[in-house]
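Readers should treat all values here as calculations from the given coordinates under stated rules, not as data from a laboratory. Bear in mind the structure is a predicted one, so any value in this text is a computation, not a measurement. Backbone-built Cβ (ideal geometry, glycine too); neighbour counts: all protein chains shown.
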Amino acid sequence: MKEVFEGIAKAAARIADALAHDDTGYSDNKNSTGDVQLKLDIRSDYIVEEELSRIETIHALASEEKESITPIRDGGQYLIGYDPLDGSSLADVDLSVGSIFGIYENSFVGANIVAASYVVYGPRIEMVTAYKRNVELWRQDRSGEFRFVQTLQLKDKGKLVAPGGTQQFWYPHHKKFVDQLFSEGYRLRYSGGMVPDLHQILIKGGGIFSYPGTSDKPQGKIRYVFESLPFAKVFEMAGGLALNDRGERLLDSVPKNHHDTSPCFFGSKTEIERAIAAYK
Ligand code: FDP
Ligand code: ZN
C-alpha cells in the first residue's frame with residue numbers, strides 16, 4: 001500500500017503545479033456524465049494515470065473522467081477508483097479543489113475498499129490517508145515531500161453544516177432538518193467542493209456534509225466509486241458515520257455501474273443520526 005500512497009503523492013505534486021500555472025479554461029470534450037471537461041480535468045486525469053500505471057501492485061484504474069475501466073497489470077492486487085480533480089469548477093476562482101482515491105480489491109463495491117486517500121489543493125497541499133487503523137494527515141513541505149502531521153479523529157458532535165444540492169429542489173423534510181440545525185447555532189461552511197468541505201469538517205472535529213437526493217436528481221450527484229466510498233472509508237475510520245438517505249452504510253453498497261451516484265451524509269455520529277431520523 002505504501003507504493004500506492006507514494007504514487008498518489010507524486011501525482012498530487014504535479015497536479016498542484018498544473019493548478020498553479022495552467023490555463024483554467026474549458027476543453028472541447030465532455031466526460032461520461034456529460035460535464036464539459038476543463039483542460040485541468042484532462043491534464044489531472046493524465047497525470048494520475050501516468051503515475052499510478054507505474055505501480056506494480058495496481059491491476060486497473062477507474063477514473064471519473066473516463067467511461068470505461070483502464071486495465072494496468074494482470075496480477076496487480078489493487079483497483080483504484082479516482083476523481084482526479086474534484087470541484088474543478090472552482091479552479092478559475094482560485095478556491096480549494098481536490099483529488100479523491102479509493103483503493104479496492106477484486107471489485108468496486110463498498111465492502112472491498114481497503115484504503116482511501118484525498119488531496120486538498122489549497123494554500124497548502126494536504127493529503128489524508130485512511131488505511132488499517134489510522135486516518136492520517138500529511139502536508140507538503142518546502143522540498144515537495146509530504147510530511148506526517150497527525151492522526152485525525154471526529155468528535156461525536158460538531159458545529160458545522162455543509163448542505164449540498166440546490167435548495168430549490170430539496171425535499172421539505174431535508175430543508176426542515178437543515179433549518180433546524182441553523183436555528184440551533186450550527187454554522188454554514190460550504191464552498192461547493194466536497195474535498196475542502198469534508199476536510200474542514202474532519203479537521204475541525206465534526207459536523208455534517210450532505211448531498212441529498214433532490215426532486216430533480218433523486219439519486220443525488222456524488223458518485224460511489226470515486227467520491228462517496230473513499231470518503232465513507234475516511235469518515236468511518238475517523239469515528240464518524242457515512243450513510244445514504246435510508247440510513248444504510250455507504251460502505252455496504254454495491255453499485256451496479258462505477259459511475260452510479262447516491263444521496264449521502266457524512267459527519268459526526270450525532271448529526272448523521274439526526275439526519276436519518278429526519279428522513280424516517
Ligand atoms: P464538481 O461537480 O465540481 O466536481 O463531484 C461533485 C461536486 O463537484 C462536489 O465536489 C461538490 O460538493 C458538488 O459537486 C457540488 O455540486 P453542485 O454545485 O452542482 O451542487
Ligand atoms: Zn468529483
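If the condition is being touching a strand residue (DSSP E or B) at 6+ places or on another chain (Cβ under 7 Å), crowded, with 16+ Cβ neighbours inside 10 Å and assigned to a loop (DSSP other than H, G, I, E, B), then the range 54-75 contributes THR57, GLU64, GLU65, ILE69, ILE72.
For the range 93-127, filtering for residues that are more than 16 Å from ligand 2 (Cβ to nearest atom) and either more than 21 Å from SER53 (Cα to Cα) or under 14 Å from the mean Cα position of the chain (by Cα) (or both) leaves 14.
Among the residues in the range 229-244, are any more than 16 Å from ligand 2 (Cβ to nearest atom), without any contact (Cβ under 8 Å) to a residue 24 or more places away in the chain, among the polar types (S, T, N, Q) and touching a Leu at 6+ places or on another chain (Cβ under 7 Å)? Within the range 229-244, one or more residues are more than 16 Å from ligand 2 (Cβ to nearest atom), without any contact (Cβ under 8 Å) to a residue 24 or more places away in the chain, among the polar types (S, T, N, Q) and touching a Leu at 6+ places or on another chain (Cβ under 7 Å).
Looking at the range 165-177, is at least one residue in a strand (DSSP E or B), within 14 Å of ligand 1 (Cβ to nearest atom) and aromatic (Phe, Trp, Tyr)? Spell out the reasoning first.
Pass one, the range 165-177, residues in a strand (DSSP E or B): none.
The answer is no; no qualifying residue exists.
Please verify whether ILE276 is closer than 13 Å to LEU154 by Cβ and of a type in the set (A, V, I, L, M), treating the condition exactly as stated. No; evaluated as a whole, the condition is false for this residue.
Checking each residue in the range 237-280 for being charged (D, E, K, R) and crowded, with 20+ Cβ neighbours inside 10 Å picks out ASP245, GLU271.
Annotation note: Cβ proximity below 8 Å between a residue of the range 131-150 that is under 13 Å from ALA16 (Cβ atoms) and a residue that is acidic (Asp, Glu) and surrounded by 11 or more Cβ atoms within 10 Å (Cβ to Cβ) (sequence gap 6+ or interchain) occurs for ARG139/GLU126; GLN140/GLU126. Among the residues making up the range 1-44, those that are β-branched (Val, Ile, Thr) and assigned to a helix (DSSP H, G or I) are VAL4, ILE8, ILE15, ILE42. Here the range 24-47 is the region considered, the condition is being in contact (Cβ under 8 Å) with a residue 24 or more places away in the chain, in contact with a helix residue (DSSP H, G or I) (Cβ under 9 Å, 6 or more places away or on another chain) and of a type outside the set (Gly, Ala, Ser), and the residue that is farthest from ASN257 (Cα to Cα) is THR24.
When the residues of the range 80-134 are filtered to those that are among the basic types (Lys, Arg) and farther than 19 Å from GLY192 by Cα, the one that is surrounded by the fewest Cβ atoms within 10 Å (Cβ to Cβ) is ARG133.
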